[in-house]
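Undergrad: The structure follows.
The values are calculated or read from the model by the stated rules, or taken from the named source; none is laboratory data. Since this is a predicted model, take the numbers as computed values, not measurements. Virtual Cβ from ideal backbone geometry, glycine too; neighbours counted across all protein chains shown. With ligands, DNA and RNA removed, areas are computed over all heavy atoms of the protein, side chains included. Shrake-Rupley method; radii C 1.70, N 1.55, O 1.52, S 1.80 Å.
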Amino acid sequence: MSAPSKKTLATPGVKNIVLVDGVRTPFLQSGTIYANLMPHDLARAALQGLLNRTGLPKDAVDYIVYGTVIQEVKTSNVAREAALGAGFSDKTPAHTVTMACISSNQAMTTAVGLIAAGQCDAVVAGGVEFMSDVPIRHSRKMRKTMLSLNKAKTLGARLSLLGSIRLAHLAPELPAVAEFSTAETMGHSADRLAAAFGVSRLEQDEFALRSHMLAKKAQDSGLLSDVISFKVPGKDIVSKDNGIRPSTMEQMAKLKPAFIKPHGTVTAANSSFLTDGASAVLIMSEEKALAMGYKPKAYLRDFVYVSQDPKDQLLLGPTYATPKVLEKSGLTLNDIDVFEFHEAFAGQIMANLKAMESDWFAQTYMGRKTKVGAPPMEKFNTWGGSLSLGHPFAATGCRLVTTVAHRLQKEGGQYGLVAACAAGGQGHAMVIEAYPQ
């Protein structure tokens, strides 16, 4: 790991914005210990964990922004409900954002914007996802009938509407992790992407196994210090992620393709699993953090959002976002000491790494003369990733940023880079700079 250089990304006259600390609930496979909770329960636990970790006075927060992807209809502004439940002042505004798998990244950059604009000095950002219980709707015809029943004035009108209900009307609409614009599931798209870049099943399984082994090592070594213990009502205290399961290549090879059958390469073993979890970070102006006696973990520096074709480039956000954020920061790939990329699928990650190493792709699709260059694996997701730790859609972004801050501290690096893809063909990248120790 390179020693911190003298160069910093601080800009004279521009407010420095810092990550003070970040926490998350244990990320658990959906349908397990969190199954009887609601999303705001997990979000509240993360917020309370952040308050406990930082000792922050609840009325010192100017604003709260939370991300979520699949909304619970009873708590559509989950930021506000979780904040009230966690005991924040009812005078603290809160709103919820959604941007698929980069929802909490959007929450964090919204916080950065509020502070940079002078609107706030201290903002809590986070994200929550709860896949154990998702909204399942009646069919459109059934919904129309029920709404008409509600308005019907006479018994005859009601009986007529009830008589119009057919068995087919009772079939529910199940939510799918699919693109609205293309109707393709993300797994199917990941399989096509892996094939387009020549990523073999063996390469995907090897990458997934690496993720699980590194996550297990990090967990056993106590490196995942952002994880807080959470007492689940009526159950035990949960204090660690439960999806980390190092297997063997032989076991993984036995699994059948999950999306494109029978010849696809994406399987349950080399994909991230449906996960419940929440995360929260405290973001402040450096001046305010120091005035309150905090020692920040990192500076949040430049960031970008990108969008591509959602059909054939759905999951290539990191490839497009990485060079843009590096150019914005005046850095090169070699300046980055720590990389944390979101792993939705092993095939998606491997395809991004191959795209970043391709002059042809850079010239044909990105308008660049030469390739971006791929991160060296010894700096890449070395404490595991979404494949092993889990991926609660809207909570992953904060985990990535907090992990970069912790790795920079542990490894003595200066710059880290977070990158992630998201549904809709969108993506994000951010540069993080270690706070002087």
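Undergrad: Which number do you get for Rg(Cα) / (2.2 N^0.38 Å) in segment 1-135? List each step's numbers first, then the result.
TA: On the way: Rg = 16.2 Å, N = 135, 2.2 N^0.38 = 14.2 Å.
Taking N as the residue count of segment 1-135, the ratio is 1.14.
Undergrad: Hey, rough spin-label estimate for Leu170 and Ser89, points 7 angstrom out along Cα→Cβ, what's it come to in nanometres?
TA: The two pseudo-label positions are separated by 5.4 nm.
Undergrad: Next up: Once label points are set 7 Å from the Cα along Cα→Cβ at both Met213 and Ser239, what is their separation, rounded to one decimal in nm?
TA: Going by the 7 Å Cα→Cβ label model, 2.8 nm.
Undergrad: If you bin the C-alpha pair distances of segment 333-393 every 5 Å from 0, what whole percents do you get?
TA: Percent of Cα pairs in each bin: 4, 17, 22, 22, 18, 10, 5, 0.
Undergrad: Leaving out same-chain residues fewer than 8 places away, which lysines sit with a Cα under 22 Å from that of Lys369?
TA: Lys324, Lys328, Lys354
Undergrad: Now a separate question. How large is the accessible surface of Thr265 in square angstrom, using a 1.4 angstrom probe and rounding to the nearest 10?
TA: Accessible area, nearest 10 Å²: 30 Å².
Undergrad: Listed highest first by mean packing, meaning other Cβ atoms within 10 Å per residue, what order do 132-141, 180-189 come in?
TA: In decreasing order of mean packing, 132-141, 180-189 become 180-189, 132-141.
Undergrad: Between Glu378, Glu357, Glu179, where does the largest GNM mean-square fluctuation fall for the chain, given springs only between Cα atoms within less than 10 Å?
TA: Per the Cα network of the chain with a 10 Å cutoff, Glu378 tops the list.
Undergrad: Also, quick follow-up: May I ask for the percentage of alpha-carbon pairs in the chain that lie more than 32 Å from each other?
TA: So the pairs more than 32 Å apart make up 38 percent of the total in the chain.
Undergrad: Gap in Å between the Cα centre of segment 326-362 and the Cα centre of segment 167-197?
TA: Distance between centres, Cα-based: 26 Å.
Undergrad: Non-local amide H neighbours of Ser358 (under 5 Å, H modeled in plane, Pro and chain starts lacking H): which ones?
TA: Counting only residues 5 or more places away or on other chains, the set is Val372, Gly373.
Undergrad: Testing the spin-label approximation: label points 7 Å from Cα along Cα→Cβ at Arg368 and Thr332. State their distance in nm.
TA: With each label point 7 Å from Cα toward Cβ, the separation is 1.4 nm.
Undergrad: As I understand it, the dipole of the chain uses +1 on the Cβ of Lys and Arg and -1 on the Cβ of Asp and Glu, about the Cα centre. Which of His169, Phe273, Ile70 lies farthest toward its positive end?
TA: Most positive-ward Cα: His169.
Undergrad: Calculate the FRET efficiency for Leu290 and Trp360 from the Cβ-Cβ distance with a Förster distance of 35 Å, rounded to the nearest 0.05. Don't jump to the answer; show the numbers that get you there.
TA: Working: r = 49 Å, r/R0 = 1.39.
Once the sixth-power term is evaluated, E becomes 0.10.
Undergrad: So how far, in whole Å, is the C-alpha centre of segment 58-83 from the one of segment 118-135?
TA: The two parts, judged by their Cα centres, are 5 Å apart.
Undergrad: Follow-up. For a quick protection proxy, order the peptides 314-322, 47-55, 216-224, 230-238 by their average other-Cβ count within 10 Å, most packed first.
TA: So the peptides 314-322, 47-55, 216-224, 230-238, ranked by packing, come out 314-322, 47-55, 216-224, 230-238.
Undergrad: For the chain, with a Gaussian network of springs between Cα atoms less than 10 Å apart, report the residue from Met142, Met366, Met108 with the top mean-square fluctuation.
TA: Met142
Undergrad: Counting only protein heavy atoms and a 1.4 Å probe, tell me what percentage of the chain's accessible area is made up of carbon and sulfur.
TA: On the way: 10310 of 18670 Å².
Here it works out to 55 percent.
Undergrad: Same structure again: For Ala60 and Glu184 in one chain, what is 0.36 nm times their gap in residues minus the Cα-Cα distance, to one decimal in nm?
TA: Gain in length upon complete extension: 40.2 nm.
Undergrad: If you place +1 on the Cβ of every Lys and Arg and -1 on the Cβ of every Asp and Glu, how big does the dipole about the Cα centre of the chain come out, in debye to the nearest 20?
TA: In debye, rounded to 20, the chain gives about 1140.
Undergrad: If you don't mind, another one. Just name one of Gly427, Ile17, Ser211: the one whose Cα is farthest towards the positive end of the charge dipole of the chain (beta-carbon charges, Lys/Arg +1, Asp/Glu -1).
TA: Value: Gly427.
Undergrad: Kindly report the accessible area of segment 283-437 per residue (heavy atoms of protein chains, probe 1.4 Å, no ligands, DNA or RNA), in Å².
TA: Per-residue accessible area for segment 283-437 comes out at 31 Å².
Undergrad: Related question: Return the equivalent ellipsoid semi-axes of segment 294-437 as a descending list in whole Å, where each equals the square root of 5 times an eigenvalue of the C-alpha gyration tensor.
TA: 24, 17, 13
Undergrad: Using protein chains only and a probe of 1.4 angstrom, how many square angstrom of Glu173 are accessible, to the nearest 10?
TA: Per-residue accessible area (Glu173): approximately 70 Å².
Undergrad: Suppose every K and R has +1 on its Cβ and every D and E has -1 on its Cβ; what is the size of the dipole of segment 259-409 about the Cα centre, in Debye to the nearest 20?
TA: 40
Undergrad: Taking a cut-off of 23 Å between Cα atoms, list the lysines near Lys256, but don't count ones fewer than 8 places away on the same chain.
TA: none
Undergrad: Moving to a separate point now. Translational D (Stokes-Einstein, µm²/s) of segment 72-139 at 10 °C and 1.306 mPa s when Rh comes from the Kirkwood sum over C-alpha pairs?
TA: For the chosen part, D equals 118 µm²/s.
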